[in-house]
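The values are calculated or read from the model by the stated rules, or taken from the named source; none is laboratory data. The shown structure was predicted, so the numbers you read here are calculated from the model rather than taken from an experiment. Glycine also receives a Cβ, built like all others from the backbone with ideal geometry; neighbour counts cover every protein chain displayed. Remember, those area values only see protein heavy atoms, side chains included, never the ligands or the DNA or RNA. Shrake-Rupley method; radii C 1.70, N 1.55, O 1.52, S 1.80 Å.
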Amino acid sequence: MTSQPSPRMSPQEMVERALELSTADDTVVIADSGSSANLRFAGNTLTTNGVSRSAQLTVISIAGQGVGVVSRAAVRPEELADVVAAADRAAEDARPSEDARPLVGGTVSADWDAPAEPTTIGVFGAFAPALGEAFAAAEAGGRRLYGFAEHSVTTTFVGTSTGARLRHVQPTGRLELNAKSPDMKRSAWTGVATRDFSDVDVAALDASLARRLEWAKNRIDLPAGRYETLLPPGAVADLMIYLYWTAGARDAFEGRTVFSRPGGGTRVGETLASLPVRLRSDPAAAGLESAPFVVAHASSRQSSVFDNGLPLTPTDWIADGALANLIQTRHSAELTNLPATPAIDNLIMEGPAGGRSLEEMIASTERGLLLTCLWYIREVDPQTLLLTGLTRDGVYLVENGEVVGEVNNFRFNESPVDLLGRVTEIGASEQTLPREWNDYFTRTVMPPVRVPDFNMSTVSQAS
């Protein structure tokens, strides 16, 4: 006897059926349907391309104040009852959850019934020919291009026993481009974030890499020390993302982080920056659109499964240089007596109006360093948010407004919070791609900044 294929169920049908099967007091079901397309290239040649698909179902059962969470990939209809039963059992066996709150009410997305949206290799339809032209230009210029382009779309469906039916489609794209000299001794990196690759100017990116490889022909060795340093938007993004990730209200309230007030409480309201900087998130920000409601597959110190479906609104984390909010669940908000401000999946930093471009900032620099990007960032001290890491793919010396050559790499030691208090110039903000964290966080708008005394703690042998 041959087995029959399982009848297919849409993500919405999986959600509805799981809610029906659960015997828990309350239930949250999250169905994620994803697809990804990629191009990879090396030495001015496309090497691989492909498309993949994924599906994950998360069942969150609530019995009293106990929570059971079971997540499974590619759940078939005949497996659904077992997944739900496992979550129900886990909830019955669980200890009471301190973050237990009534589930969010029954908002229904207007497009709840729409199918999941996939991506295809066709997303690179205009980009791929432009990439081929960049390969030809690089070959003619004696450069080798390496890197990858990746586009993914995840459609998330959230259903709750209180009637919420929420749907969100999240496209995410990124391009990483590395240029090397034929002898592989000179290297430069750039990257961009995009929603659909229609706005990626490959020729301009390649031209910027070619210029930096030319700068690197003149090698200058410098000792460790504190240098006036220009950080481009991507490097600023890597530092600010780490600040954002550690801005949990619960940890700050308990005295664990740089955002803890000596003697108790948080530093909300305290001035952190020397200039009127603004750090904010907005789920509706143009080009950075992200989920407008909480999606929590599990509880943590910064998220709560009980908050699933909670609407997200524009939130200032730093306003006019002062700490305005920390990442809050409804539970931590009650502890701190501050508003509930959950995490949002984008980050925007802005300085005073009229900020200059990075090129204009270089032109006004008497002597200083120009970074390209930061790499291998790790936390040293949570109480000060001291980070360490390496420079990579180009650190350049600027003298009298011109780049005069490439210098050796360094290990740095800096706290992004302390750095905010020492920044002397904030340039014009632009959409950018972090180097270190772009596997996890791509939706950022950041400015270049000038730091008078960036701490290059030791010379690095990395190349």
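Please return the ranges of strands (runs of 3 or more DSSP E) entirely within segment 369-463 where 2 or more residues are modelled with pLDDT of 95 or more, crowded, with 20+ Cβ neighbours inside 10 Å and of a type in the set (Ser, Thr, Tyr).
Output list reads 386-399.
Output yes when any residue across segment 345-361 is charged (D, E, K, R) and over 25 Å from VAL445 (Cα atoms), and no when none is.
Among the residues of segment 345-361, not one is charged (D, E, K, R) and over 25 Å from VAL445 (Cα atoms), which makes the answer no.
Does SER36 count as over 21 Å from ALA296 (Cβ atoms), in contact with an Asp or Glu (Cβ under 7 Å, 6 or more places away or on another chain) and surrounded by 16 or more Cβ atoms within 10 Å (Cβ to Cβ)?
yes
Looking only at residues that are without any contact (Cβ under 8 Å) to a residue 60 or more places away in the chain and charged (D, E, K, R) in segment 294-318, which one is surrounded by the fewest Cβ atoms within 10 Å (Cβ to Cβ)?
That would be ARG301.
Looking only at segment 72-114, how many residues end up being surrounded by fewer than 13 Cβ atoms within 10 Å (Cβ to Cβ) and hydroxyl-bearing (Ser, Thr, Tyr)?
Selection size over segment 72-114: 0.
Just one of ALA291, ALA284 is farther than 18 Å from PRO382 by Cβ, part of a loop (DSSP other than H, G, I, E, B) and open to solvent by 60 Å² or more (accessible area, probe 1.4 Å); which is it?
Of the residues listed, the single one that is farther than 18 Å from PRO382 by Cβ, part of a loop (DSSP other than H, G, I, E, B) and open to solvent by 60 Å² or more (accessible area, probe 1.4 Å) is ALA284.
So if I check each of LEU46, LEU39, LEU19, LEU57, which one is hydrophobic (A, V, I, L, M, F, W, C) and part of a helix (DSSP H, G or I)?
Just a single option satisfies the conditions, and that option is LEU19.
Report, by residue number, each residue of segment 230-258 that is farther than 14 Å from LEU419 by Cβ, open to solvent by less than 10 Å² (accessible area, probe 1.4 Å) and over 21 Å from the mean Cα position of the chain (by Cα).
ALA252
Check off (1) touching a Leu at 6+ places or on another chain (Cβ under 7 Å); (2) open to solvent by less than 90 Å² (accessible area, probe 1.4 Å) for ASN49 and give me the number that stays unchecked.
Of everything listed in (1) touching a Leu at 6+ places or on another chain (Cβ under 7 Å); (2) open to solvent by less than 90 Å² (accessible area, probe 1.4 Å), ASN49 misses just condition (2).
Restricting the search to segment 214-229, which residues are more than 30 Å from the chain's Cα centre (by Cα) and assigned to a strand (DSSP E or B)?
The answer is ARG219, ILE220, GLY225.
Could you count how many residues in segment 319-363 are without any contact (Cβ under 8 Å) to a residue 60 or more places away in the chain, touching an Asp or Glu at 6+ places or on another chain (Cβ under 9 Å) and either in a helix (DSSP H, G or I) or farther than 17 Å from VAL268 by Cβ (or both)?
Adding up the residues that qualify gives 1.
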